[in-house]
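For reference, the structure is listed below as structure tokens.
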Amino acid sequence: MKKLLLSLGTLFAAGSLSAADYVSSHVVVPFEFRVDKISLPAGEYRLERDFGTNMVSMVNLNTGRRVRVMWDVAGRSGDKSKLVFEKTGDNYKLIRIS
């Protein structure tokens, strides 16, 4: 199986500071992919992480569909974050955000 890294530079830039404090960033995924058993289309996504948690919400900006993924803090190196996909046959599977 082949792994594909989609480097995002500094993934989480400070979002608005409000009662629901979170950090967010936008990313374009150029191919359809799966998260667990959920299939998501190629497109632009907003990634949101609540301060103090290791959960990231991926929101498709066209459809509004949202999935939650664990953020791999231990796998993070430097100030660059990345989405890690694994190619399985003709499909891609998101295996980690670090």
Quiz item: Looking at the range 31-50, which of its residues are β-branched (Val, Ile, Thr) and exposed (fewer than 14 other Cβ atoms within 10 Å of the Cβ)?
Solution: Ile38
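Being among the basic types (Lys, Arg) and touching a Leu at 6+ places or on another chain (Cβ under 9 Å) is the filter here, so list the residues in the range 50-71 that pass it.
Across the range 50-71, the qualifying residue is only Arg65.
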Self-check item: Cβ pairs under 6 Å, 6+ apart, first in the range 30-51 and without any contact (Cβ under 8 Å) to a residue 24 or more places away in the chain, second of a type in the set (Ser, Thr, Tyr) and surrounded by 14 or more Cβ atoms within 10 Å (Cβ to Cβ)
Solution: Arg46/Ser24
Exercise. Tell me which of these Leu17 doesn't satisfy, since it passes every other one: (1) loosely packed, with under 11 Cβ neighbours inside 10 Å; (2) at pLDDT 80 or above.
Key: (2)
Quiz item: Taking the range 49-77 only, how many residues are at pLDDT 90 or above and part of a loop (DSSP other than H, G, I, E, B)?
Solution: 5
Quiz prompt | Single match in Lys80, Lys93 (criterion: modelled with pLDDT under 90 and on the phi < 0 side of the Ramachandran plot) | solution = Lys80
Exercise. Identify all residues within the range 44-62 that are under 15 Å from Arg34 (Cα atoms) and touching a Lys or Arg at 6+ places or on another chain (Cβ under 6 Å); write none if there are none.
Key: Ser57, Val59
Quiz item: If Lys37 passes every condition in (1) over 13 Å from Lys93 (Cβ atoms); (2) modelled with pLDDT of 65 or more; (3) out of contact with any strand residue (DSSP E or B) (no Cβ under 9 Å at 6 or more places or on another chain) but one, which one does it miss?
Solution: (1)
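The values are calculated or read from the model by the stated rules, or taken from the named source; none is laboratory data. On a predicted model such as this, the values are computed, not experimentally measured, just so you know. All Cβ positions, even for glycine, are placed from backbone atoms using ideal geometry, and neighbour counts span all protein chains on display.
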